[in-house]
Amino acid sequence: MARTSKYQTVNTAFPAILNEWRAGLYIRLSREDGDKLESESVGSQRAILEHFLNERPDILPCDFYIDDGWSGTDFDRPSFQRMLADITAKKINCVIVKDLSRFGRNYVEAGKYLETVFPLFRVRFIAVNDQIDSVRDPSSVNNVLVPFKNIMNDEYCRDISMKVRSALDVRRRQGKFIGSFAAYGYRKDETDHNKLVVDEEAADCVRRIFRKFLEGYSILGIARELNEAGVPNPSAYREQKGLSRSFKGRLWSDSTVRRILTNELYLGNLVQKKNEIVSYKVHVAKPVAAEKRIVVKGTHEAIVSHEDFEKVRSLLRRDTRTGAGGGKLSVLSGFLKCADCGRAMQKRTVKQPYRTYEYYCCSTYKKLHSKACTKHAIRADAVEEAVLAALNGYIRLAVDFDRLLERVKVEQTKSGTPKRLSEELARSEGALSKANALLLDLYPDYKSGILSREQYFALKEKYEREAAQAATAIERIKTERKNFERGIGKENEFIATFKKYRGLRELTRDVVCELVENVCIHEGGEIELSLKFRDSLSLAEEYISELRRVENGSETA
């Protein structure tokens with residue numbers, strides 16, 4: 001039996017009979033055409049192609065393929081792909097475009113179709129304005145001018161892309177919102193679409209999410225509560241308002257709640273350019289590093305306070321896992337640590353016939369038993385009572401510090417401290433100026449022979465010592481006057497934060513978030529409380545100690 005070749009022969013000869021050319025008329029228009037919008041409009045291209053066909057009786061028009069609003073940088077366009085399918089199905093064997101730029105602006109892909117794909121399928125290609133016809137004038141499509149024109153079309157698109165990106169960045173830095181849709185909780189201003197205004201209906205839900213999280217609800221618990229209450233999620237809400245059609249589901253998810261809790265937009269700040277397109281040819285978005293995003297503060301009204309937002313941000317960094325129910329967290333969830341291994345303490349519930357109680361134990365012990373750590377068990381009510389008592393102690397300390405500072409300031413005012421400090425500062429500055437002037441005169445006197453070498457160095461050392469003493473005194477007086485003028489209690493975070501919880505009776509999640517850094521549990525039940533604003537507390541203690549030392553010194557004298 002005779003062998004046959006495994007290679008199939010493709011007939012690349014073009015039809016030569018009249019009316020055998022079945023043409024697909026391709027039209028493309030995109031935003032990148034800029035000021036040429038009118039000349040490149042769909043209607044204009046259609047008119048040019050129809051006029052051309054009136055003079056070509058050998059070509060039979062079969063269909064129009066129109067990609068309106070599609071970029072020419074790639075060929076993944078719906079009508080272009082439909083045209084390729086018709087070519088494969090042999091419905092058409094001729095493609096006519098207004099010019100090469102309408103066919104595409106990616107010179108690599110355009111060259112592939114003109115030099116490989118179309119000849120393989122015996123497709124005639126005509127670009128009317130560029131006077132290209134692969135049948136009547138084969139050299140018109142194979143000469144060097146065609147790839148050169150495709151390169152120029154590609155370069156035009158690259159240049160437009162860079163200009164558009166640059167213009168968008170300028171608008172972002174000006175604090176203008178350029179997104180398609182406003183984030184949940186806001187809407188675009190009717191008179192200025194680059195400005196955001198609060199949408200009160202959605203903003204109430206945003207506030208509810210922040211409030212629930214600060215009250216101790218888990219992210220999953222918040223999502224479930226919103227779904228049970230029938231609150232539409234952001235995409236469904238936009239659909240209700242007629243802004244878009246939702247294809248992402250209608251229920252709240254934990255990721256949606258987390259995205260709201262971490263969105264700086266609700267502070268009144270615009271954070272834009274979170275994602276960017278890889279290139280003008282690769283239409284795939286990639287995330288932008290946080291430090292390269294464009295942030296403009298105070299561009300619109302805030303929905304949540306800066307204080308609450310920072311509390312939420314701090315809580316999200318903690319281990320606040322819940323049980324399978326994903327409901328409300330305990331007051332100290334995420335704050336309790338094992339003092340020995342540093343791992344989180346896990347809450348356990350014990351149910352007995354007549355009572356139910358809760359306790360915490362080390363998560364390392366729970367997983368690995370006694371091999372890595374001990375149990376560190378402690379009752380939940382005991383640790384909460386201890387933390388509440390300790391916080392009340394610090395609150396009383398902050399109140400006492402505040403009262404003492406106010407009393408000292410009043411006494412300083414009565415005793416003429418401002419006048420005294422001003423006089424001391426003037427004397428010290430005069431002493432410094434005098435010492436520096438004498439130092440300047442020493443060397444000329446030494447060179448002229450008025451002073452001996454020993455006299456010069458002795459006087460130089462003396463005046464330098466006097467200048468240093470005067471400079472030290474000036475710094476001390478300035479610090480004292482600065483503390484007097486502003487009062488350390490007003491800017492000390494420990495005093496300002498703790499004193500507002502005077503008379504605290506209940507340990508709440510909100511109080512813990514603001515005042516507590518960690519609660520470490522030692523084996524045997526010893527509790528170690530680590531506060532926020534510890535540096536401010538140390539600063540206040542040092543300042544109070546110095547005041548008391550000065551007072552005691554004055555009394556002794």
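The values are calculated or read from the model by the stated rules, or taken from the named source; none is laboratory data. Source: prediction; values computed, not measured. In this analysis, Cβ positions are derived from the backbone assuming ideal geometry, glycine residues included, and neighbour counts consider all displayed protein chains. Side chains are part of the model used for accessible areas, which takes the heavy atoms of the whole protein and leaves out ligands, DNA and RNA. Shrake-Rupley method; radii C 1.70, N 1.55, O 1.52, S 1.80 Å.
Per the conditions (1) over 12 Å from Ile527 (Cα atoms); (2) part of a helix (DSSP H, G or I); (3) modelled with pLDDT of 85 or more, the sole criterion not satisfied by Ala390 is (1).
In region 53-98, which residues are closer than 21 Å to Asn150 by Cβ and hydrophobic (A, V, I, L, M, F, W, C)? Walk me through it before giving the result.
The first filter runs over region 53-98 and keeps only residues closer than 21 Å to Asn150 by Cβ, leaving 65, 67, 70-77, 79-81, 83-84, 87, 94-98.
The answer is Trp70, Phe75, Phe80, Met83, Leu84, Ile87, Cys94, Val95, Ile96, Val97.
Tell me, please, whether a residue that is surrounded by 15 or more Cβ atoms within 10 Å (Cβ to Cβ) and at pLDDT 80 or above can be found in region 6-19. Taking every residue of region 6-19 in turn, none turns out to be surrounded by 15 or more Cβ atoms within 10 Å (Cβ to Cβ) and at pLDDT 80 or above. Listed conditions (1) open to solvent by 30 Å² or more (accessible area, probe 1.4 Å); (2) closer than 20 Å to Ala398 by Cβ are all met by Tyr463, apart from (2).
If the condition is being in contact (Cβ under 8 Å) with a residue 24 or more places away in the chain, hydroxyl-bearing (Ser, Thr, Tyr) and assigned to a loop (DSSP other than H, G, I, E, B), then region 163-191 contributes only Tyr184. Number of residues in region 214-233 that are at pLDDT below 90, in a helix (DSSP H, G or I) and open to solvent by less than 60 Å² (accessible area, probe 1.4 Å) equals 3. The conditions are (1) within 30 Å of Arg173 (Cα to Cα); (2) at pLDDT 85 or above, and Arg317 fails exactly one of them. Which is it? Only one criterion in (1) within 30 Å of Arg173 (Cα to Cα); (2) at pLDDT 85 or above is unmet by Arg317, namely (2).
The numbered conditions (1) open to solvent by 50 Å² or more (accessible area, probe 1.4 Å); (2) touching a Phe, Trp or Tyr at 6+ places or on another chain (Cβ under 6 Å); (3) at pLDDT 80 or above are all true for Lys351 except (2). Asp510 meets all of the listed conditions (1) under 26 Å from Tyr217 (Cα atoms); (2) modelled with pLDDT of 85 or more but one, namely (2). Tallying residues that are buried (at least 18 other Cβ atoms within 10 Å of the Cβ) and either part of a helix (DSSP H, G or I) or of a type in the set (S, T, N, Q) (or both) within region 90-139 yields 14. Just one of the listed residues (Asp199, Asp254, Asp204) is without any contact (Cβ under 8 Å) to a residue 40 or more places away in the chain and in contact with a helix residue (DSSP H, G or I) (Cβ under 6 Å, 6 or more places away or on another chain), namely Asp254.
Would you tally the residues in region 341-387 being assigned to a helix (DSSP H, G or I), more than 17 Å from Glu526 (Cα to Cα) and in contact with a strand residue (DSSP E or B) (Cβ under 7 Å, 6 or more places away or on another chain)?
Residues in region 341-387 being assigned to a helix (DSSP H, G or I), more than 17 Å from Glu526 (Cα to Cα) and in contact with a strand residue (DSSP E or B) (Cβ under 7 Å, 6 or more places away or on another chain): 3 in total.
Considering only region 66-85, I want to know if a residue exists there that is outside any helix (DSSP H, G or I) and among the polar types (S, T, N, Q). Yes, some residue in region 66-85 is outside any helix (DSSP H, G or I) and among the polar types (S, T, N, Q).
Confirm whether Ser244 is among the small types (Gly, Ala, Ser) and open to solvent by 80 Å² or more (accessible area, probe 1.4 Å).
On the way: among the small types (Gly, Ala, Ser): yes; open to solvent by 80 Å² or more (accessible area, probe 1.4 Å): no.
So Ser244 fails the test.
Checking each residue of region 433-453 against the condition of being at pLDDT below 80, under 54 Å from the mean Cα position of the chain (by Cα) and open to solvent by 50 Å² or more (accessible area, probe 1.4 Å) gives no match.
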